[in-house]
Amino acid sequence: MTKPDPIPARLAALKAMSVTQLKSEWQTIFATAAPNNSRAFLESRLAYRIQELTYGGPDRETRRMLDLLADEVSGTLTRKSQIADPRNPVVGTRLIREWNGVEHTITVLRDGFEWQGRPYKSLSAIARAITGTRWNGYRFFGLRERKRGND
């Protein structure tokens, strides 16, 4: 009786395989033909699946969050709730940020933010409009995710 290869060895072996061998491995793992001949795609997807089968996939809450994100990106909200970022303050909160001597006031809405009478989907979009450069909106406005156990 032989032991299966340890996961790191299996993942390293993918790098040494030809595209034909990767497609064969795909057929074995997924029980379907490989969707394309892209070496990078085959390697990364096979590596993920090998780890997923060994260590388990995302938990229920993570899958739910990913489904909601996919719905929001595609614009088809088939699920009942939207994602609420835990860093977002309570609806109606006003965020105040000074930039280059100008005070900017942002209002938190149920489905985004408002600045200068215009709705925005993200704080990053507002930060970019204010500064002219890309910013992480939460960082720009001083909002940070709470650390667990420090409440």
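The values are calculated or read from the model by the stated rules, or taken from the named source; none is laboratory data. The model shown is predicted, which means the values in this text are computed figures rather than measured ones. Using ideal geometry, Cβ is built from the backbone for each residue, glycine included, and neighbour counts are taken over all protein chains shown.
A few comments on the model shown:
- Hits in region 1-55 - residues which are loosely packed, with under 12 Cβ neighbours inside 10 Å, in contact with a helix residue (DSSP H, G or I) (Cβ under 8 Å, 6 or more places away or on another chain), at pLDDT 90 or above and of a type in the set (A, V, I, L, M): Ala33
- Restricted to region 119-151, and to residues there that are in a loop (DSSP other than H, G, I, E, B), farther than 15 Å from Asn88 by Cβ and among the basic types (Lys, Arg), the residue that is modelled with the highest pLDDT is Arg134.
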